[in-house]
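So the structure is just underneath, and the comments pick up after that.
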């Protein structure tokens with residue numbers, strides 16, 4: 001097995017964290033764009049405006065859970081390592097996304113609880129992911145270009161959200 005150079009390892013950290021963050025924000029964007037479909041499937045009722053507000057409240061649950069995710073997974077990463085924490089958070093994001101895709105709608109089960117739980121899971125994992133990725137990127141090249149890595153982290157975060 002061939003040893004990986006420091007430059008190659010830094011490149012892998014930057015590329016993998018950028019791809020992971022872009023996919024995370026892609027999921028958030030898709031949910032927001034399809035809020036009317038989510039409202040019709042999970043929150044049916046006489047008033048479509050109320051259903052849409054409930055869908056956006058479910059969307060907001062993920063953002064409200066982010067600080068808690070950052071706290072919980074920050075402590076987890078400190079105790080068990082950043083790599084293990086990132087693997088857990090990526091798995092949680094995949095589980096949350098899979099739940100939204102595979103959970104039955106309101107007509108089948110009569111309640112929107114699984115969709116709300118899925119968004120909560122996604123919010124927790126997204127909140128923990130940013131801090132761990134920031135730490136991994138800054139540590140990957142601490143001595144020479146840490147300020148440039150920090151700038152890239154914020155720049156790609158803004159780019160992924162716009």
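No value in this document is a laboratory result; all are computed from the given coordinates. This is a predicted model, so every value here is computed, not measured. Glycine gets a Cβ as well: all are built from the backbone with ideal geometry, and neighbour counts include every protein chain shown.
Each label was represented as a point 7 Å from its Cα along the Cα-to-Cβ direction; for residue 15 and residue 78 these points are 3.3 nm apart.
Modelled spin labels at residue 59 and residue 116, positioned 7 Å past Cα toward Cβ, are 1.8 nm from each other.
With each label modelled as a point 7 angstrom along the Cα→C-beta vector, the residue 90-residue 49 pair spans 4.5 nm. Estimated from the Cβ-Cβ distance and a Förster radius of 41 angstrom, the FRET efficiency linking residue 36 and residue 8 is about 0.35.
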